Amino acid sequence: MESTGSLGRFATLQPRHASRDEISLVHGADYVDVVELYSRSERPLDGDTVTSKDSFGAATMAAGAGLAAADAVHAGEVKRALLLVRPPGHHSLPRRAMGFCLFNNVAITARYLQSLGYQRPAILDWDVHHGNGTQDVFYNDPSVLFISLHQFPFYPGTGAAAEQGSGEGKGFTLNLPMSAGSVEPDYRQAFEGPIREKLESFSPDILLISAGFDAHEKDPLASVELQTRSFEWMSNWALDFANQSCDGKIISFLEGGYHLDALAESVEVHATTLLG
């Protein structure tokens, strides 16, 4: 099919379904069974997370898209990938669905990358909601750095600055709570200060992004006041860092975004920036 505009500049990766064993890199096998069973019967997994008969297939494909991207990056076919997937993933805990999320796509991909030989994946989550599921997966793990900046206090209630990891993982979780009404200069200060310092100290070999766009000023579910150009700046910042630290390797996952026009604009500037 002939493409127009910026879409014609993108290569297309063929996604696949993640296997049960691959999903179980993060989630309990019994939880995977529950998601499949509830999807068959179209039962909600929690008050926010409903299912249909196709939910399990969509969720395994969303997780598998990250694995396909990891394979492509590892093989040198591409350096960067953006996964426009649903359902999102960063609220999903190892044994619990939450906040529209069934399987934790970014966490599964990080674990899969480690099986391919990557030593230090870093996850940068700029969704307006805290990525509590991702944090939970890696909270005791010094081999994966998790950074989240998010509106606080806000759903899901986690993500205070004092949450920094535990045990061997102490210091490998960085939460940057942002007040309601925060604007681009507040985010620039976070990126150029603690985020840069933590990433440079960790020296990742690949950067994963939980790219939610619900911190946009038009988004109805939150109260952060970023603009489309703010996400362009953040994307450029991430690309510059990846080029300096990890050979330009980025895999970005679509998370939240609930104003369709703002979401479309923000995804476009993020995607075109990642093209380099």
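Where a number appears in this text, it was derived from the coordinates with a stated rule and is not lab data. Quantities reported herein were computed from a predicted structural model and do not represent experimental measurements. Note that each Cβ is placed from the backbone with ideal geometry, even for glycine, and that neighbours are counted across all protein chains shown.
Annotations
- Residue ranges of helices (runs of 4 or more DSSP H) in segment 81-192 with at least 3 members over 23 Å from Ala271 (Cα atoms): 105-115, 132-138
- Members of segment 238-257 that are over 26 Å from Arg86 (Cβ atoms) and crowded, with 18+ Cβ neighbours inside 10 Å: Phe241, Ser245, Cys246, Gly248
- Options Leu37, Leu13, Leu67: the member that is of a type in the set (A, V, I, L, M, F, W, C), surrounded by fewer than 23 Cβ atoms within 10 Å (Cβ to Cβ), part of a helix (DSSP H, G or I) and out of contact with any Gly (no Cβ under 6 Å at 6 or more places or on another chain): Leu37
- Residue within segment 45-61 that is over 30 Å from Phe241 (Cβ atoms), free of Cβ contacts under 8 Å to residues at least 12 places away in the same chain and not in a strand (DSSP E or B) present: yes
- Residues in segment 26-44 that are farther than 16 Å from Val137 by Cα, over 21 Å from the mean Cα position of the chain (by Cα) and not hydroxyl-bearing (Ser, Thr, Tyr): Asp30, Asp33, Val34, Glu36, Leu37, Arg40, Glu42, Arg43, Pro44.
- First in segment 10-35 and closer than 13 Å to Asn104 by Cα, second anywhere and of a type in the set (A, V, I, L, M) and in a loop (DSSP other than H, G, I, E, B), Cβ under 6 Å, 6 or more apart: Val35/Leu102
- Taken across segment 46-54, residues that are touching a helix residue (DSSP H, G or I) at 6+ places or on another chain (Cβ under 6 Å) and under 28 Å from Thr158 (Cα atoms) do occur, with at least one present.
- Among all residues of segment 204-212, there is at least one that is surrounded by fewer than 18 Cβ atoms within 10 Å (Cβ to Cβ) and either in a helix (DSSP H, G or I) or touching a residue at least 24 places away in the same chain (Cβ under 8 Å) (or both).
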